[in-house]
Amino acid sequence: MASDEKQIVAQHNDLIQAVAKMERMPLKLFEIIVGSYDDRKNTDTVYIKKKLVYDLLSLEGTNRNSRLRTAIHELHTNATFHFKTKEADGSITEYSISPIQEIMWNHAQDDIKVVFAPKLLPYISLLQSNFTKYRLADVARLNSKHAIIIYKLLAMNYNQYQYYASRKFNSEKLDEFANPTITIKELRRLTSTENKYLGRFSSFETKVLKLPLKEINENTAFSISYDKVKRGRQIYAIQFHVTKNDITVTDNGLGILQSAEYQRALNSPYTPLLATHQIIDMVTLMQDQSLVLSLASEVYPLYKKIVSDYGENALNKHLSYLKEHMNKVAQKGLTDYLAKAAQNRIDQLKNSSNAQKTEEMPAWTKKSSEELTKKATPEEIASLKQRIANRKKK
């Protein structure tokens, strides 16, 4: 797992809106587990270092193992997410998922083993669409269950605002995402306070709004305020106003990248295509700005030519072939590798009367890293210089 300051948790919006009846400690533990999941490994099991859990949950002293055991027990026994789906005929289907199938740990070992329920995996896979991304470090700094839930909910809306703003969506819809209105009934459902703070509204406001938002504003990149929406004399809903402080991000850092050029590269149709074919993972795309920019300038024009001249299917076949034949050498110099492979495929298609010709990788891709990095001997260098000189004479 990456440094907690750089770790991004990805959860499907439906999962965020579902309600888990968990208290603060098991809820934060669940976020750590989700943040440790790597969809590239094609497994339902994650291993987490105990020290990471101790640090992020602020577990100290001689009783930290006991407190960890309690959090694990509560997570495993009480965590159930409830979902609703609307069917084609308008009816509502409700169902529940227990996210954790198994948790194992040994007192003398450093790792905690967690096995996800198979049905939960589509909701946390980084390659699924409509994901909300937020920093695990932000969640770790929040000390109340209500702050964590509201943070995630508003992060979902704000990320949708950013997504649609980049696509010049209509201003009215953008305003709904940047300034979401949530009914008191829905807020109570999301925070599991249907039967709490039922007297004066000020009690609910303090516990569910004022104190949690103070935590969020002080410990995360968000600045959040709110207005009360009334129907008659009754407070019916809360309208949140969300802004996000600028985050300066260097290569290999996570956050909201401010480079317009990078955003254009990230929004290219070829970027998710590389992720879909598992040539590059979404975490790397979010971390490595220079890589994405180099792909956009050196590789994507070649992909555009393949699609323009031979169709999208030709590019998909090319990328599928690459995935099967890539080696560790390719991963070290990914941009050069993809550019050379794309140009090689264009040459093959151009020289063939049949555009469906079986693709062949150039000879250099089959060489080992030792062969590719081996220095030429003085005799080989002299021979190469002589061949170049002979060509110039002609």
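Of everything listed in (1) under 24 Å from the mean Cα position of the chain (by Cα); (2) at pLDDT below 80, the single unmet condition for F222 is (2).
Checking L209, L174 one by one, the residue that is modelled with pLDDT under 85, in contact with a Phe, Trp or Tyr (Cβ under 8 Å, 6 or more places away or on another chain) and farther than 24 Å from Y123 by Cα is L174 and no other. Quick one: would you say S129 is polar (S, T, N, Q), loosely packed, with under 13 Cβ neighbours inside 10 Å and at pLDDT 80 or above? Answer is no for this residue.
Listed by first and then second residue, the pairs linking a residue in segment 59-79 that is among the charged types (D, E, K, R) to a residue that is surrounded by 16 or more Cβ atoms within 10 Å (Cβ to Cβ) and not in a helix (DSSP H, G or I), with Cβ atoms under 6 Å apart and 6 or more places separating them unless they lie on different chains, are R67/L59. Residues in segment 342-350 include none that are in a helix (DSSP H, G or I), modelled with pLDDT under 65 and within 22 Å of L266 (Cβ to Cβ).
The values are calculated or read from the model by the stated rules, or taken from the named source; none is laboratory data. Being a predicted model, the structure only gives us computed values, none of them experimental. All Cβ positions, even for glycine, are placed from backbone atoms using ideal geometry, and neighbour counts span all protein chains on display.
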